[in-house]
Structures are given as structure tokens and as C-alpha cells.
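Scroll down for the structure; my scribbles are underneath it.
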Amino acid sequence: MSAHASPSASGPPRPRKGDVPHEANPLRRTSDKCESWFHRLLMLVLVLGLPVAALGAGHTAYESSMRTVHAQAVERHEVTARLTSDVLGDSRVSKRQAPIRWTERNGIVRTGTALVEPGTPEGAIVRVWVDRDGTVTSPPMNVACAQANGWFVAGMAALGVALGVRAARAAMRLALDRRRYARWEAEWDLVEPQWSGRFRR
């Protein structure tokens, strides 16, 4: 007996004449075909929709953040202020609010409060950001924050698409399984009396 004809020869078995393609499998139900096509559709949505959604959402978030960067850069400016009183030391807090005073470019003297480390003496210089009204505010958003915001939103959009595809697949599987179980129960109700009758003889 030759090695080519040996049943223990390596390699995949040759297809037999009686084999049928997967799509033509007579045991394959309509629900199986629906599930297969729906799975392919979801994979297409995942492959094409995920990058599109991530890039679109990330780019939109980045552009929105950059508009905020430009707006805050125009509306806010940094000033040099001085403490108007000593800041008492307290080891339990890292910073605390303290009164400050500064003079605007137009000569107007303004006052406010800023976070200062405990133990800072009166008259110490403090750099703070203020808006057009002279109110102490937070530093303006920078480009790095805008980029980080864009990447974060892009990641969340990609995660949302992936979870949506997974949820749609699970919902489709659940609906089809319920229908399959219902059909099996209906068919078993027809067959079971015949089997029970055979064993009672």
C-alpha cells in the first residue's frame, strides 16, 4: 500500500464526492443563514464604521477644543500679584486661598484671591490668570489638552462602536435562539407522543 493512499498519511483529507458546500448544507436552518449574514454585516460595520466614527468624533472634539484654546488665549492673561497678608502654615493642606492685589495695564488696581502654599509671607509675588473683567480664573487650555481631548473622544467613539456591534450580535443571537427553542418545543410536542407510545408497548 503506498504512502499516498495510506489513511495515516499527513495532510488534509481529500474532499469526497458526497461533500456539499457549507452554504448548501441541508442541515443548515434559515436562522443559521440569517445569523451568518448578520454577523458578516456587523463585521463590515466594525471594520469600516469604527475608524470612521473614531476619526470623525476625535477630529470634531479636537477642533472644538482648539476653538476654546484660541478664545481663552484672547480672553485671559497672566498678571503679577502680591499677597496682602501672611498665609498661615498648615501641614494638613497643600494650598489655601489668600488675598492678593495687582495693577492692570491700564492702571486699575484690583484684588482677588489665589491658591498659595501655607507659610508664604505678605508681599510675596504670585502669578495668576485673570479674564477681561479682572476676575481670577484658571489658566487657558493649551494645545496639548486639545489633542488629549481629541484622542480621548476618538477612543470613546471606537469603544462605543465595538460595544454596539457586540450588543447587536448578542441581541440577534438571543432572538434567534428563542425562535429556535420555540420551534424545537413545537416539533417535540408532535414527536414525543409517538416515542412514548413505542416504549409503552
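The values are calculated or read from the model by the stated rules, or taken from the named source; none is laboratory data. Values in this document were obtained by computation on a predicted structure and should not be read as measured data. Cβ placement follows ideal geometry from the backbone for every residue including glycine, while neighbour counts extend to all protein chains displayed. Note: accessible area is taken over every heavy atom of the protein model, side chains too, but ligands, DNA and RNA are not part of it. Shrake-Rupley method; radii C 1.70, N 1.55, O 1.52, S 1.80 Å.
Quick check on the range 150-193: of everything there that is at pLDDT 80 or above and surrounded by fewer than 12 Cβ atoms within 10 Å (Cβ to Cβ), which residue is nearest to the chain's Cα centre (by Cα)?
Ranking the qualifying residues of the range 150-193, first place goes to Leu163.
Which condition breaks for Glu35 when tested against (1) among the acidic types (Asp, Glu); (2) within 24 Å of Gln147 (Cα to Cα); (3) assigned to a helix (DSSP H, G or I)?
Glu35 satisfies every listed condition except (2).
Here's a check for you: in the range 87-105, which residue that is open to solvent by less than 60 Å² (accessible area, probe 1.4 Å) and in a loop (DSSP other than H, G, I, E, B) is nearest to Asp131 (Cα to Cα)?
Glu104
Filter the range 49-86 for residues that are free of Cβ contacts under 8 Å to residues at least 40 places away in the same chain, open to solvent by 80 Å² or more (accessible area, probe 1.4 Å) and not in a helix (DSSP H, G or I) and give the result.
Asp86
Do you know which of the residues in the range 106-149 that are without any contact (Cβ under 8 Å) to a residue 24 or more places away in the chain, out of contact with any strand residue (DSSP E or B) (no Cβ under 9 Å at 6 or more places or on another chain) and in a loop (DSSP other than H, G, I, E, B) is least open to solvent (accessible area, probe 1.4 Å)?
Gly107
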